[in-house]
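Everything on this sheet refers to the single structure shown next.
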Amino acid sequence: MPAARLEVANVSAGYGATRIITDMSFDVAAGDRLAILGRNGMGKTTLLATLMGLSTRHAGQIKVDGIDLADLRTSSRSRLGVGYVPQTRGIFRSLTVEDNLSTGLKDRPRSALAEAYEMFPRLAERRHHLGMQLSGGEQQMLSMARTLLGKPSILLLDEPLEGLAPVICDELMSMISHMAASGDVTVVLVEQQIERALDFASRVLILERGREAWSGASSELRSNQSLVDRLLGVGIH
Ligand SMILES: Nc1ncnc2c1ncn2[C@@H]1O[C@H](COP(=O)(O)OP(=O)(O)O)[C@@H](O)[C@H]1O
Ligand SMILES: [Mg+2]
């Protein structure tokens, strides 16, 4: 599947009647890279969950290449090409690496697992290990590899670097950048590591209490330290 365009227009959402996201609008061109930043609890995860149909949408439209996702369940969104790597990683702790990966194959043959092992040789070495036996970095790789096996046209990554050692963050970010550089996938990256997110993304959206507080080019945010301090704090995690 080639990269897809993501259009979000006037979306409000939350959990049941509780509103967390208010009137969010943004557009990510096919093959582009958007970073979503914001302090803890500002609604980043809820926004991604809303794109996947995992929260309650109160208003607004979400379109992938012009197709409205409103009435589609999560599994249909995934089949349409929206890949989601949740903050919780969502791997099966008591299944092996290989069985975890198999759940991401959708209708593809098992031979496609070789793609995941090629991208993450570490997973190949641990293919018979259980999910719970993996390090945090390996679990993140597994979660990402499983989603990538579905050949997403839009990839939603929720804090993939959380809790990982810097050297593993380097490794993951270089993998994600390499993938994005192919132009075959549109990436929305939620991250707390601001520098890494700005290095990766062309555009940035900052959330504050479920609303857009700022959006613009990564280069613009990088050169505006007072804005970074005000909206993202310093040295926070
Ligand atoms: N399942 C849920 N039910 C009700 N409220 C929730 C749920 N998950 C998160 N929230 C609330 O939504 C707000 C935004 O949380 P979240 O989207 O996880 O923020 P972030 O990812 O930016 O840290 C928080 O106030 C949080 O307590
Ligand atoms: Mg979150």
**OP:** List the pair-distance distribution P(r) of the range 1-93, using every Cα-Cα distance, as the percent of pairs falling in each 5 Å bin from 0 up to the bin containing the longest distance, rounded to whole percents.
**Re:** 3, 12, 23, 27, 21, 10, 3, 0
**OP:** Just name one of Ser223, Ala116, Leu130: the one whose Cα is farthest towards the positive end of the charge dipole of the chain (beta-carbon charges, Lys/Arg +1, Asp/Glu -1).
**Re:** Leu130
Original post:
Hey, what number do you get for the chain at 222 nm if only DSSP H runs of n ≥ 4 count, each worth -39500 (n - 2.57), divided across all residues, to the nearest 500?
Top reply: -9000 deg cm²/dmol
Subject >> Karplus-derived HN-Hα couplings along the range 70-75 (A = 6.51, B = -1.76, C = 1.60, θ = phi - 60°), whole Hz, x at Gly and Pro >> reply: 2, 9, 8, 7, 4, 5
**OP:** Considering only Leu47, Leu37, Leu95, give the residue with the highest GNM mean-square fluctuation for the chain, with springs between Cα atoms whenever their separation is below 10 Å.
**Re:** Leu95
**OP:** For the range 41-170, restrict the atom set to alpha-carbon positions and state the Rg and Dmax in Å.
**Re:** 15.3, 46
Subject >> Loop-located trypsin sites (Lys or Arg not before Pro) in the range 168-220, at most 13 other Cβ atoms within 10 Å (DSSP) >> reply: Arg209
Original post:
Roughly speaking, what is the stretch gain from Glu195 to Arg127, that is 0.36 nm per residue apart minus the C-alpha to C-alpha distance, in nm to one decimal?
Top reply: 21.2 nm
Original post:
Ratio of Rg to Rh for the chain, alpha carbon only, Kirkwood?
Top reply: 0.95
Original post:
Considering only Met175, Leu207, Thr186, whose Cα is most displaced toward the positive end of the charge dipole of the range 102-237, charges sitting on Cβ of Lys, Arg (+1) and Asp, Glu (-1)?
Top reply: Thr186
Original post:
Taking the range 96-237 on its own, what percent of its Cα-Cα pair distances exceed 27 Å?
Top reply: 28
Original post:
Among rounded, prolate and oblate, which fits the range 96-135 when a ≥ b ≥ c are the square roots of the eigenvalues of its C-alpha gyration tensor, a/c under 1.5 means rounded, and a/b larger than b/c means prolate?
Top reply: oblate
Subject >> Phi to ³J(HN,Hα) by Karplus 6.51 cos²θ - 1.76 cosθ + 1.60 over the range 35-41, Hz, x for Gly, Pro >> reply: 9, 10, 10, x, 5, 4, x
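Only the coordinates and a few stated rules stand behind these numbers; no lab work does. Treat the numbers as computed from the prediction; the structure is a model and nothing was measured. Backbone-built Cβ (ideal geometry, glycine too); neighbour counts: all protein chains shown.
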